[in-house]
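Please treat every number below as a calculation from the coordinates, not as lab data. Keep in mind that what you see is a predicted model, and the values were worked out from it rather than measured. For neighbour counting, all protein chains shown are included, and Cβ atoms are generated from backbone atoms with ideal geometry for every residue, glycine included.
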Amino acid sequence: MITRLAFVVLLFGASVAQAGGPEHPAAAPKEFEALKALAGTWEGTASHGDPKSGSPATVIYELTANGTAVVERLFKGTPHEMTTVYYVEGGKVVMTHYCAAGNHPKMVLKSADAKKLSFEMADASGLTSPDEMHMHALTISLTAPDQITHEWTSFEGGTKAFAAVISLTRKKG
């Protein structure tokens, strides 16, 4: 009897796992669709405050959770690797940035058009204090087909500390 029950439980579990979630998640805002379109590997340069101080940068975008989240991996494989997860919450595009500084600010899309997505910190979630150094804003600019620029703005002590600019081109093939 126990063997039969175990078999039924395993069979039921396998069918649930195969079924997965809904085949078609709820419609997402067009700005989220623009983020999903970034899926792939991007390469370029990153500068921190001084545009002449560029260093090599790789950014990878992947879809996960049945297309309901976009995972961005900055500087993959380096000590400064960071992850940002974009998703829709309450009908708004939001993101949480898991920073190499050890905090994880949450930002909300504040403005957008066909060429630009601008996020700002929503609250001090993930920070020990709002005065702690953290990424406070991000603007992603679609500068040309297969070219984007990130401008990350950091705050410390309640004011802008610096801007990091990452200029990227989609890697082909």
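Tabulated data for the structure shown
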read-out: Cα-centred dipole magnitude for the stretch 28-170, charges only on beta-carbon of K, R (+1) and D, E (-1), debye, nearest 20; value: 280 debye
read-out: Among the listed pairs 110/172; 92/172; 76/106; 106/172; 36/160; 116/172, those beyond 26 Å (Cα-Cα); value: 110/172; 92/172; 106/172; 36/160
read-out: Those aspartates and glutamates that a straight Cα-Cα span of less than 19 Å connects to residue 30, excepting residues fewer than 8 apart in one chain; value: 62, 72, 89, 113, 120, 146
read-out: For 63, 127, 117, order by how many other beta-carbon atoms lie within 10 Å, fewest first; value: 63, 127, 117
read-out: Förster radius 45 Å - calculated FRET efficiency between residue 129 and residue 68, Cβ distance, rounded to 0.05; value: 0.90
